[in-house]
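The values are calculated or read from the model by the stated rules, or taken from the named source; none is laboratory data. Since the model is a prediction, treat every value here as computed from it, not as a measurement. No Cβ is skipped: glycine too gets one built from the backbone with ideal geometry, and neighbour counts run over all protein chains shown. The accessibility values were calculated without ligands, DNA or RNA, using every heavy atom of the protein model including side chains. Shrake-Rupley method; radii C 1.70, N 1.55, O 1.52, S 1.80 Å.
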Amino acid sequence: MSYLVALLLHWLPLAMGQYDICKSWVTTDDGPSWEFYACQPKAMRMKDYVTVRVDPAGITCGDPPERFCTHENPYLCSDECDASNPDLAHPPKLMFDTEDEGLATYWQSVTWRRYPEPLLANITLSWNKSIELTDDIVITFEYGRPTIMMLEKSLDNGRTWHPYQYYADDCMEAFSMPARRVRDLSATSANRVLCTEEYSRWAGSKKEKNVRFEVRDRFAIFAGPDLKNMDNLYTRLESAKGLKDFFTVTDLRMRLLRPALGGTYVQRENLYKYFYAVSNIEVTGRCKCNLHANLCTFREGSLQCECEHNTTGQDCGKCKKSFRSRSWRAGSYLPLPNGSPNACAAAGSAFGNCECYGHSNRCSYIDFLNVVTCVSCKHNTRGQHCQHCRLGFYRNSSAELDDENVCIECNCNQIGSVHDRCNETGYCECREGATGPKCDDCLPNYYWRQGCFPNVCDDELLLCQNGGTCYQNQRCLCAAGFKGVLCQQARCEAERGACDAAPGAHAALASLPLAALALQLPAWLRP
Ligand SMILES: *[C@@H]1O[C@H](CO)[C@@H](O)[C@H](O)[C@H]1NC(C)=O
Ligand SMILES: *[C@@H]1O[C@H](CO)[C@@H](O)[C@H](O)[C@H]1NC(C)=O
Ligand SMILES: *[C@@H]1O[C@H](CO)[C@@H](O)[C@H](O)[C@H]1NC(C)=O
Ligand SMILES: *[C@@H]1O[C@H](CO)[C@@H](O)[C@H](O)[C@H]1NC(C)=O
Ligand SMILES: *[C@@H]1O[C@H](CO)[C@@H](O)[C@H](O)[C@H]1NC(C)=O
Ligand SMILES: [Ca+2]
């Protein structure tokens, strides 16, 4: 019983208390109405909602069946892993199951039979939802903890990854980083990524099984050793740049880089005792709902905030339709103790009927026109309600009017187009001879040179004559003895009489290539 009370007290500050209701029905002088507060869902066991992936292919033991030994009993290799036998298989799902007391079930890798090639494995956990860690991540290894590993995180569903913590029995050797402890961090370094040696040294595989990512120790920097002063933590989370994001993840990845050695070096004659075995990965956190929801449900395979404050989206990250008279904002933990809901406001509630689709925070009343209009429309919008695109931009047809990407720059080619505006599908108005949506191409029979110019010559209609060749549609390179735009005129160098002859047989023979050809003809054919 007292154990239970102690447990409850231990969990109390994290599990419940502040920010657990989004609104309440209150009676004021003006009568009853709703009052709204910043709110967040309860912390949960996140392993129940995760999808896992283990890389590379073939890293899980048992296919083909394999024997292995343990460091405690290195010469009794009687254990077997066999993927086709449920009693002897060690699939990834055993890292997330509920275990009977004392009976560990675990994922296990192949052994290090390919030594000295490194034994590498990635375990990737994905939630398809941003979650905020509220307690330590605890990874439990059977048969010894890795001597080198790394924890990485993603904030964008696995598109980009960042180091979260490094683990090694010798940080300098493994990562060229000095060894540090989270307990020694200070308020300004609470979100530092560090290398720790606390969870990688050999202490007997039964004794020390856990590898931690210490969330509590980092919280304790602000909230005190027993996390009693949560107000201070919440204040810091609001004010310290990047601190909230540090504890937010959509995915986690354990990169296992070297297994437990059970000693100082690898015994090549018995590689069957080197492998990874993970029995549990505990991740405690809450759905990130931007302080706009106190419930998070698992629907159609995904976690989803039950958004209040007239917000919507998986993370309550935007305002509901027709509640967009001002830009969306996350709720705030401040002022204590109830925070600010920063609710979305219905169109028309604040200033007459002035909706700005979230592109402006300000409206102003223009007296002599008797209209209310949005001021300083952002995101390249303009208009009374920021409902149009600025000149030089066009409407993105796949974006809603309140989307930040609603206006796309026309990007008209400066030389090829008449001006920098475009029509509703992004087409620019082209100068003569230019074509293409942005007017950066030329029509047939035009060539590009700081704009489009009509061809002087080409291979079809505007043929260079008298053996001349067309140079980039811009001019004819005439054979010796000819001139003119299309080389149609003979040059009058020698006797004036030669020019009088119309271009024809005579002139053709004088052109250089033909003359050269003539020299190769048999004598009886020469002119
Ligand atoms: C593990 O993931 C990292 C990226 O986070 C990647 O560079 C590496 O190749 C992966 N290793 C394996 C064994 O798949
Ligand atoms: C991720 O969540 C989104 C939003 O709930 C959903 O549309 C999408 O199908 C999910 N993707 C996967 C791979 O589960
Ligand atoms: C949300 O909109 C409803 C009307 O649909 C209104 O009753 C409620 O008070 C609004 N909530 C907030 C927090 O503005
Ligand atoms: C158009 O809007 C969609 C939705 O916001 C966005 O994904 C896309 O990038 C936008 N297109 C351009 C060209 O900006
Ligand atoms: C925009 O201009 C292009 C090219 O002239 C045309 O094909 C398109 O139909 C125009 N779009 C609109 C909405 O007028
Ligand atoms: Ca297990």
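Every condition in (1) among the charged types (D, E, K, R); (2) assigned to a loop (DSSP other than H, G, I, E, B); (3) modelled with pLDDT of 90 or more holds for GLU269 except the one numbered (3).
Only one entry in LEU125, LEU94, LEU119 is in a loop (DSSP other than H, G, I, E, B) and more than 16 Å from ligand 4 (Cβ to nearest atom), namely LEU119. Annotation: of all residues in segment 406-418 being touching a residue at least 24 places away in the same chain (Cβ under 8 Å) and more than 15 Å from ligand 5 (Cβ to nearest atom), the one that is nearest to SER325 (Cα to Cα) is VAL406.
Scanning for something surrounded by fewer than 23 Cβ atoms within 10 Å (Cβ to Cβ) and within 30 Å of HIS162 (Cβ to Cβ), does segment 261-275 turn up at least one residue? Yes: one or more hits. Scanning segment 228-246 for residues that are over 23 Å from PRO163 (Cβ atoms) and of a type outside the set (A, V, I, L, M) yields LYS228, ASN229, ASP231, ASN232, TYR234, THR235, GLU238, SER239. The residues on offer are ASP48, ASP20, ASP97, ASP79, and the sole one that is among the acidic types (Asp, Glu) and at pLDDT below 90 is ASP79. Summed over segment 437-472, residues that are open to solvent by 50 Å² or more (accessible area, probe 1.4 Å), over 42 Å from the mean Cα position of the chain (by Cα) and under 25 Å from ASN413 (Cα atoms) total 6. Part of a helix (DSSP H, G or I) and within 18 Å of LEU334 (Cα to Cα) - does that describe any residue in segment 206-216? The answer is no; no qualifying residue exists. For TYR234, state whether it is more than 16 Å from ligand 6 (Cβ to nearest atom), surrounded by 21 or more Cβ atoms within 10 Å (Cβ to Cβ) and farther than 23 Å from TYR143 by Cα. Yes; evaluated as a whole, the condition is true for this residue. For LEU391, the test of being more than 16 Å from ligand 6 (Cβ to nearest atom), within 19 Å of TRP328 (Cα to Cα) and not β-branched (Val, Ile, Thr) is failed. Scanning segment 292-309 for residues that are away from ligand 3 (no atom under 15 Å from the Cβ) and open to solvent by 40 Å² or more (accessible area, probe 1.4 Å) returns LEU295, THR297, PHE298, ARG299, GLU300, GLY301, GLN304.
A count restricted to segment 392-405 and to residues that are of a type outside the set (Gly, Ala, Ser), within 16 Å of ligand 5 (Cβ to nearest atom) and either open to solvent by 100 Å² or more (accessible area, probe 1.4 Å) or in a loop (DSSP other than H, G, I, E, B) (or both) stands at 2.
Evaluate the following for SER189: is it away from ligand 3 (no atom under 16 Å from the Cβ) and more than 19 Å from ILE137 (Cα to Cα)? Here the answer is yes, as SER189 does meet what is asked. Farther than 22 Å from GLU282 by Cβ and either touching a helix residue (DSSP H, G or I) at 6+ places or on another chain (Cβ under 9 Å) or buried (at least 17 other Cβ atoms within 10 Å of the Cβ) (or both): is that true of TRP112 in this structure? Here the answer is yes, as TRP112 does meet what is asked.
Does at least one position in segment 289-304 carry a residue that is closer than 16 Å to PHE68 by Cβ, away from ligand 4 (no atom under 16 Å from the Cβ) and not hydrophobic (A, V, I, L, M, F, W, C)? Among the residues of segment 289-304, not one is closer than 16 Å to PHE68 by Cβ, away from ligand 4 (no atom under 16 Å from the Cβ) and not hydrophobic (A, V, I, L, M, F, W, C), which makes the answer no.
Between ARG113, ARG145, the distinction of being of a type in the set (Lys, Arg) and touching a Ser or Thr at 6+ places or on another chain (Cβ under 7 Å) belongs to ARG145 only. Figure legend. Inter-residue proximity from segment 19-36: first residues farther than 25 Å from LYS288 by Cα, second residues within 16 Å of ligand 2 (Cβ to nearest atom), beta-carbon distance below 9 Å, spacing 6+ or different chains. No pairs are indicated. State which residue is nearest to ligand 1 (Cβ to nearest atom) when the search covers only segment 22-37 and only residues that are surrounded by fewer than 10 Cβ atoms within 10 Å (Cβ to Cβ) and not in a strand (DSSP E or B). If we take residues in segment 22-37 being surrounded by fewer than 10 Cβ atoms within 10 Å (Cβ to Cβ) and not in a strand (DSSP E or B), then ASP30 is nearest to ligand 1 (Cβ to nearest atom).
So, of the residues in segment 146-166 that are open to solvent by 20 Å² or more (accessible area, probe 1.4 Å) and part of a loop (DSSP other than H, G, I, E, B), which turns out to be nearest to ligand 1 (Cβ to nearest atom)? Of everything passing the filter in segment 146-166, TRP161 is nearest to ligand 1 (Cβ to nearest atom).
Residues checked against (1) out of contact with any Leu (no Cβ under 7 Å at 6 or more places or on another chain); (2) within 23 Å of THR284 (Cα to Cα); (3) open to solvent by 10 Å² or more (accessible area, probe 1.4 Å); (4) not small (Gly, Ala, Ser):
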position: MET172; (1), (2), (3), (4): yes, no, yes, yes
position: PHE175; (1), (2), (3), (4): yes, no, yes, yes
position: ARG181; (1), (2), (3), (4): yes, yes, yes, yes
position: THR188; (1), (2), (3), (4): yes, no, yes, yes
position: ALA203; (1), (2), (3), (4): yes, no, yes, no
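Checked against the criteria, LEU119 counts as surrounded by 17 or more Cβ atoms within 10 Å (Cβ to Cβ) and of a type outside the set (Gly, Ala, Ser).
Within segment 212-260, the set of residues being under 19 Å from LYS288 (Cβ atoms), in contact with a helix residue (DSSP H, G or I) (Cβ under 7 Å, 6 or more places away or on another chain) and of a type in the set (D, E, K, R) comprises ARG218, ARG236, LYS244. Filtering ARG362, ARG421, ARG431 for residues that are within 25 Å of LYS321 (Cα to Cα) and either open to solvent by 60 Å² or more (accessible area, probe 1.4 Å) or within 32 Å of the chain's Cα centre (by Cα) (or both) leaves a single hit, ARG362.
LYS93 meets each of the listed conditions (1) within 16 Å of ligand 6 (Cβ to nearest atom); (2) more than 32 Å from the chain's Cα centre (by Cα) apart from (2). Residue pairs whose Cβ atoms lie under 6 Å apart, separated by 6 or more positions or on different chains, with the first residue in segment 310-331 and free of Cβ contacts under 8 Å to residues at least 40 places away in the same chain and of a type outside the set (D, E, K, R) and the second open to solvent by 80 Å² or more (accessible area, probe 1.4 Å) and part of a loop (DSSP other than H, G, I, E, B), are ASN310/LYS320; THR312/LYS320; SER327/ASN361.
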